[in-house]
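Each remark here refers to the structure printed beneath this line.
The values are calculated or read from the model by the stated rules, or taken from the named source; none is laboratory data. Everything quoted here is computed from the prediction, not taken from an experiment. Positions of Cβ are generated from backbone atoms using ideal geometry, with glycine treated the same way; all protein chains shown enter the neighbour counts. Areas reflect the complete protein model, heavy atoms only, side chains present, ligands, DNA and RNA absent. Shrake-Rupley method; radii C 1.70, N 1.55, O 1.52, S 1.80 Å.
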Amino acid sequence: MLDAKGQPLRNAFVEIWQVDSKASYIHTRGENKDGRDGNFQGYGRFLTDSKGQYYFRTIKPVPYRAGRGFRTPHIHVAVSKNGKRILTTQLLINGHELNSEDGVYRQIREPELRKSILVDFKPLPQSKLGELAANFDIVLGKTAEENEDGTIKGGIGKSQLSRRPPRRRN
């Protein structure tokens, strides 16, 4: 992870969360009809080292139903420094067929920002289990990020997946 000037960002917390292999999140409204994968923790947190490096071991993300459509496979990523959230973003599988239909992805209009969240999942050399490796280089100020209201910086509006405020009753 690098700051906007290209310097490594040391001692930043990088957090990830995603659905499990059954497309369920681990939270009260996140379970789908197929239940949860009891062997998946769904969340990880890592402190960057002096070179700004971090790593996680997880599963390749899967699509899941969201409203009437699907979300493309993705992993949520958040970065905090000195107790303050400084970035919230998502990484998506480069070339996945659902990317172009995904509401969050479509909000990102600038090609370079879109490119900043696309990640190649490649076979891990000499893996006997078929493991994959992915590299997500976060550069503050250059990696597409979400605003607090659910919109994407450089995008055109609120995410369709954000929770809507309750309707007023008169």
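Some points to look at:
- Straight-distance crosslink candidates among lysines, where the alpha carbon sits under 22 Å from K142 and sequence neighbours closer than 8 are dropped: K5, K51, K81, K84, K115, K153, K158
- Kirkwood's formula applied to the C-alpha pairs of segment 1-78 gives a hydrodynamic radius of 14.0 angstrom.
- Carbon + sulfur, % of accessible area of the chain - ligands and nucleic acids excluded, 1.4 Å: 48
- Alpha-carbon centroid distance for the pair segment 7-44 / segment 57-124, whole angstrom: 13
- Cα gyration tensor category, rounded, prolate or oblate, for segment 91-136 with a/c compared to 1.5: prolate
- For the chain, the fraction of alpha-carbon pairs in successive 10 Å shells from zero, as %: 9, 35, 38, 15, 2, 0, 0
- Segment 64-143: C-alpha gyration tensor shape, a/c 1.5 cut-off, then a/b vs b/c: oblate
- Environment charge at K122 (Cβ cut-off 14 Å; Lys +1, Arg +1, Asp -1, Glu -1): -1
- Average accessible surface area per residue within segment 27-131, 1.4 Å rolling probe, Å²: 67
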